[in-house]
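**Student:** So that we are looking at the same thing, I have put the structure below in structure tokens.
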Amino acid sequence: MFVDGISDQDLAALGLTLRLAAVTTVILVILGTPLAWWLSRTRARGKLVVEAVVALPLVLPPTVLGFYLLLLLGAQGPIQALGGPSLAFTFTGLVIGSVFYSLPFVVQPLQNAFASVGEATLEAAASLRAGPWDRFVTVVLPLSLRGYLTAVTLGFAHTVGEFGVVLMIGGNIPGETQVVSIAIYEHVEAVDYGSAHLLSALLLGLSFLMLLALYVLNGRFQLANR
């Protein structure tokens, strides 16, 4: 059956892609916030090493990252050797791979936003007897909204467009691990350019709208802060 020109399998791939992007983004914001805060404030010698590791997916071929994650998560990998399940070719495996691959797109905007919060502002809050948590919630977070907006948009959009990592870890199982980017590749291999064009146009439009919304909201933040 086709709905508005999209097959049920393609709709399932689209739904899986959006669910993967949403779950990955939430996890990245939760994990990335303390990591970005530490990177923005620490003077530890290991900071540069941690920053390099976080930024590694920006330059590392996705298939390389996907290969090593497959060895980690797959059958006879260290997780299964310790009594855990094999997470390769599962949605959980896709989420783990997506978290690693999209990490810099969330951590770096948050780190930049946190770094822009001056020490004088935090010291003023501390002088009013605000504890570390209160300072973070009432001072840092409101001043870092643009950073969070950028991080969420880029993390979500980057996960939607993944191909190499998810293919290596999840394969191409319709309804379970087949995301839109893999469905497009499958249509091209089958010389079904009509379906490939339709899915590609959907991703193109979605990516454009998310970036447009980001720029519009950032522009409003700039005007409000003048």
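**Student:** If you check 102, 7, 98, which single one turns out to be surrounded by 15 or more Cβ atoms within 10 Å (Cβ to Cβ) and either in contact with a His (Cβ under 8 Å, 6 or more places away or on another chain) or aromatic (Phe, Trp, Tyr) (or both)? So that I can check it myself, show each step before the final result.
**Tutor:** Working: 7 fails: either in contact with a His (Cβ under 8 Å, 6 or more places away or on another chain) or aromatic (Phe, Trp, Tyr) (or both); 98 fails: either in contact with a His (Cβ under 8 Å, 6 or more places away or on another chain) or aromatic (Phe, Trp, Tyr) (or both).
So the residue among 102, 7, 98 that is surrounded by 15 or more Cβ atoms within 10 Å (Cβ to Cβ) and either in contact with a His (Cβ under 8 Å, 6 or more places away or on another chain) or aromatic (Phe, Trp, Tyr) (or both) is 102.
**Student:** Residues 157, 151, 183, 213: which one is closer than 22 Å to residue 37 by Cα, hydrophobic (A, V, I, L, M, F, W, C) and either modelled with pLDDT under 90 or surrounded by 16 or more Cβ atoms within 10 Å (Cβ to Cβ) (or both)?
**Tutor:** Checking each option against the conditions leaves just 151.
**Student:** From the list 186, 176, exactly one residue is in contact (Cβ under 8 Å) with a residue 40 or more places away in the chain, farther than 14 Å from residue 102 by Cβ and among the acidic types (Asp, Glu). Which is it?
**Tutor:** From the options 186, 176, the qualifying one is 176.
**Student:** Moving on to the next point. With (1) over 26 Å from residue 218 (Cα atoms); (2) at pLDDT 95 or above as the list, and residue 124 as the residue in question, which single condition is left unmet?
**Tutor:** Result: residue 124 fails condition (2) only.
**Student:** Go through the range 41-69 and give me each residue that's of a type in the set (Gly, Ala, Ser) and in contact with a Leu (Cβ under 8 Å, 6 or more places away or on another chain).
**Tutor:** Within the range 41-69, just 66 meets the criteria.
**Student:** For residue 91, work out the one condition from (1) under 23 Å from residue 62 (Cβ atoms); (2) within 14 Å of the chain's Cα centre (by Cα); (3) not polar (S, T, N, Q) it doesn't fulfil.
**Tutor:** If we test residue 91 against (1) under 23 Å from residue 62 (Cβ atoms); (2) within 14 Å of the chain's Cα centre (by Cα); (3) not polar (S, T, N, Q), just (2) comes out false.
**Student:** Taking the range 83-117 only, how many residues are among the small types (Gly, Ala, Ser) and outside any helix (DSSP H, G or I)?
**Tutor:** 5
**Student:** Take the residues in the range 10-26 that are surrounded by 17 or more Cβ atoms within 10 Å (Cβ to Cβ) and not hydrophobic (A, V, I, L, M, F, W, C); name whichever of them is nearest to residue 113 (Cα to Cα).
**Tutor:** Checking each candidate, the answer is 25.
**Student:** Sort out which residues of the range 27-59 are aliphatic (A, V, I, L, M), surrounded by 14 or more Cβ atoms within 10 Å (Cβ to Cβ) and under 16 Å from the mean Cα position of the chain (by Cα), and write them in order of number.
**Tutor:** 27, 28, 29, 31, 35, 36, 54, 55, 56
**Student:** Considering only the range 190-208, state which residues are under 17 Å from the mean Cα position of the chain (by Cα) and either under 14 Å from residue 152 (Cα atoms) or loosely packed, with under 11 Cβ neighbours inside 10 Å (or both).
**Tutor:** Selection gives 207 alone.
**Student:** Does residue 114 satisfy being at pLDDT 90 or above and more than 17 Å from the chain's Cα centre (by Cα)?
**Tutor:** Yes: the conditions hold for residue 114.
The values are calculated or read from the model by the stated rules, or taken from the named source; none is laboratory data. Just so we're clear, the structure is a prediction, and the values are computed from it rather than from any experiment. A quick note on method: Cβ atoms are made from the backbone with ideal geometry, for glycine too, and the neighbour counts reach across all protein chains shown.
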